[in-house]
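Below is one structure, written out as structure tokens; the observations come after it.
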Amino acid sequence: APYFAKAPPVFIMGKDLRAIFSRRHSYATKSNKTLKVKTPGGSLVLHQLKKLSKGPRCGETGVTLHGIKKLKMKAYKNVHKREKTVKRAYGGSLCGKAVRDRILRAFLIEEQKIVKKIESEKKK
């Protein structure tokens, strides 16, 4: 059979999964994160995502604090006090381990002072 008798290859087009940025900022940067969402009408649109906050961190260890909401600084204004702190000494600023270490250090220093005092009395 001659070469032209062969049927041409058939390309089956898939569904168009491209979406266009709805704003003028067209580069895929950290501030321009989007999520593809299919609408009930069947079209594909991009939802603009907000940047996530790292949340509050411990002043000594730098660990993320548990039990406190991860919000932007301005958003803490509209949140209840119980969502901003933990009911403990140094609640919203230090983690539990750091507080425990501080208490232990203070206790050991006091013990050391007492031992020094007793030793100085024995020498006299």
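Per 0.36 nm of contour for each residue apart, how much would the distance between D101 and K72 grow if the chain were fully extended, relative to their Cα-Cα spacing? List each step's numbers first, then the result.
Details: separation 29, 0.36 × 29 = 10.44 nm, distance 2.93 nm.
Extra length from D101 to K72 when fully extended: 7.5 nm.
Between (1) 8.0; (2) 8.8; (3) 20.2, which entry matches mean projected area of the Cα convex hull in nm² as derived from the coordinates of this structure?
(3)
Accessible area per residue of region 1-53 at 1.4 Å probe, in Å²?
Spelled out: the 1.4 Å probe surface of region 1-53, per residue, equals 103 Å².
When the chain is fully extended, how far beyond the present Cα-Cα distance does L108 get from A7, taking 0.36 nm per residue of separation? Walk me through the intermediate numbers first.
Numbers: separation 101, 0.36 × 101 = 36.36 nm, distance 8.95 nm.
Stretched fully, the L108-A7 segment lengthens by 27.4 nm.
Cβ neighbours within 10 Å, averaged per peptide: list 51-59, 39-47, 9-17 in order, most packed at the top.
Details: 51-59: 12.8, 39-47: 10.1, 9-17: 5.9.
By packing density, highest mean first, the sequence is 51-59, 39-47, 9-17.
May I ask which residue of M13, Y76, T39 lies farthest towards the positive end of the charge dipole of region 1-96, with charges of +1 (Lys, Arg) and -1 (Asp, Glu) on Cβ and the Cα centre as origin?
The Cα lying farthest towards the positive end belongs to Y76.
Once you list every other residue whose beta carbon is under 15 Å from the beta carbon of G41, what net charge do they have if Lys and Arg are +1 and Asp and Glu are -1?
Numbers: positive: K15, K36, K38; negative: D16.
Combined, the nearby Lys, Arg, Asp and Glu give +2.
If one takes the longest principal axis of the Cα atoms in the chain, at what angle in degrees, from 0 to 90 and to the nearest 10, does the Cα axis of helix 96-123 lie?
20
How high is the relative contact order of the chain, in percent, counting Cα pairs under 8 Å that sit 6 or more residues apart?
Details: 95 pairs, mean separation 18.1, N = 124.
This gives 15 percent for the chain.
Using a Förster radius of 30 Å, what is the FRET efficiency between T85 and K33 based on their Cβ-Cβ separation? Nearest 0.05, please. It would help to have the intermediate numbers written out before the result.
Details: r = 30 Å, r/R0 = 1.01.
Calculated transfer efficiency: 0.50.
The values are calculated or read from the model by the stated rules, or taken from the named source; none is laboratory data. These figures come from a predicted structure and were not determined experimentally. Counting neighbours? That spans all protein chains shown, and the Cβs are built from the backbone with ideal geometry, glycine included. The protein model used for the area step is the full one, side chains on, heavy atoms only, and it has no ligands, DNA or RNA in it. Shrake-Rupley method; radii C 1.70, N 1.55, O 1.52, S 1.80 Å.
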